[in-house]
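Beneath this line is the structure, given in structure tokens, with notes to follow.
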Amino acid sequence: MIRNILIDTQFLASVTKECVGEEENDQRVDNFLFKRFRNVPKSHLYQLLRSGQVRINGKRIIASYRLQIGDIIRLPPVKVAQKNASRQITSTPVNFFAFTVLYEDDAVLAIDKPGGMAVHGGSGISSGVIEQLRAQNPTWKFLELVHRLDRETSGVLLLAKKRSALVELHRQIREGLMEKHYLTMIKGKWRNAKQHVKLALDKYVTAAGERRVMVVTGAQKDSKPMQSHTIFTLQKSWQNFSLLDAEIKTGRTHQIRVHLAHLGFPIIGDDKYGDFEVNKQLARSGMQNKLTRMFLHAHTLQIAHPVSGVRMKLQAPLPADLQRFIDRLENVDHSTV
């Protein structure tokens, strides 16, 4: 049954737990809460911290605590003001997404994340991959993301089903022992067979409140840059596009996207750092030429199994929409795009 009701507040879930990844590493916990709950008064979030309702690894923390990779954050139910918004309430069950499982055992789970799906809810997204998997598997006592993928990025996503596995896999990330490769299509003709790109990156917020990343130059004295390293290997090139393998040696936010845009070879379909005119042309083309999302796919991830130590290679095939675009390049002249 669906009915319209007028409400003043919305409760965001029950108690949830999240694992800190590289993106949140060294971020103050109060700033993490401000970004996660944008519509909640800061005074209320500080009250949750003071009262111990927000905890890190089961312990009380102060607002200035800086998050560390592997920390488990306990988030209590949060009430968000809606200002007389008319909403639909339904008693029917949520439709679960059928994820493609690449590997699973008692310690780890690897899935093929579809493009367009966020890895976790928040910032206007009610349910992401982690929420879906927890809801589908209510008997699992532990499930946390080992790493993250951008919403539009598809491919191998690794999760831990034991805290000990999560700690070990984060150690591999910190020590550069996890190998991650992406496939990406860029605008332009890439010349080098293999190219190492090492740049200092810094985060900033646009006037519209969107998080972005930029390359830091020597003139930007006040920034706190993070070193980043990507190895690009040319797979194939056409007149106006090139297919690259990108191996990330560091896991900075938007790293591949920013590196390529800085070099003048933006990823096609990238709505943050891409060539917006080319993106528009590809999105409005006829069905034979259409591409409606960013061409970035996490195709291979190699780890040592966190329990057995055996080296594992997890692979996700290129999604149908991206493969169709390559097939069209093989048969159609895109010199006018």
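The values are calculated or read from the model by the stated rules, or taken from the named source; none is laboratory data. Nothing here was measured: the structure is a model prediction, and the numbers come from that model. Every residue, glycine as well, gets a Cβ built from its backbone with ideal geometry; the counts of neighbours run over all protein chains shown. Quick note on the areas: whole protein, heavy atoms, side chains included, nothing else; ligands and nucleic acids left out. Shrake-Rupley method; radii C 1.70, N 1.55, O 1.52, S 1.80 Å.
Conditions (1) part of a helix (DSSP H, G or I); (2) without any contact (Cβ under 8 Å) to a residue 40 or more places away in the chain; (3) open to solvent by 10 Å² or more (accessible area, probe 1.4 Å), marked per residue:
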position	(1), (2), (3)
MET117	no, yes, yes
ARG151	no, yes, yes
LEU157	no, no, no
VAL167	yes, no, yes
ILE173	yes, no, yes
LYS180	no, no, yes
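Considering LEU109, LEU49, LEU133, the condition of being at pLDDT 85 or above, touching a helix residue (DSSP H, G or I) at 6+ places or on another chain (Cβ under 8 Å), crowded, with 18+ Cβ neighbours inside 10 Å and outside any strand (DSSP E or B) is satisfied by LEU49 alone.
Within the stretch 222-246, the set of residues being open to solvent by less than 30 Å² (accessible area, probe 1.4 Å) and of a type outside the set (S, T, N, Q) comprises ILE231, PHE232, PHE241, LEU243, LEU244, ASP245, ALA246. Among the residues of the stretch 290-317, those that are crowded, with 17+ Cβ neighbours inside 10 Å and part of a loop (DSSP other than H, G, I, E, B) comprise LEU291, ARG293, MET294, PHE295, PRO306, ALA316.
Scanning the stretch 188-206 for residues that are part of a strand (DSSP E or B) and either of a type in the set (A, V, I, L, M, F, W, C) or over 22 Å from THR253 (Cβ atoms) (or both) turns up LYS194, VAL197, LEU199, ALA200, LEU201, VAL205. So in the stretch 259-279, with the set limited to residues that are hydrophobic (A, V, I, L, M, F, W, C) and part of a loop (DSSP other than H, G, I, E, B), which one is farthest from MET294 (Cα to Cα)? Per the stated criteria, the residue is LEU263.
Within the stretch 314-330, residues that are closer than 16 Å to ILE268 by Cα reach partners that are open to solvent by less than 70 Å² (accessible area, probe 1.4 Å) and assigned to a helix (DSSP H, G or I) with beta carbons closer than 8 Å, at six or more positions or on different chains, in the pairs LEU318/ILE326.
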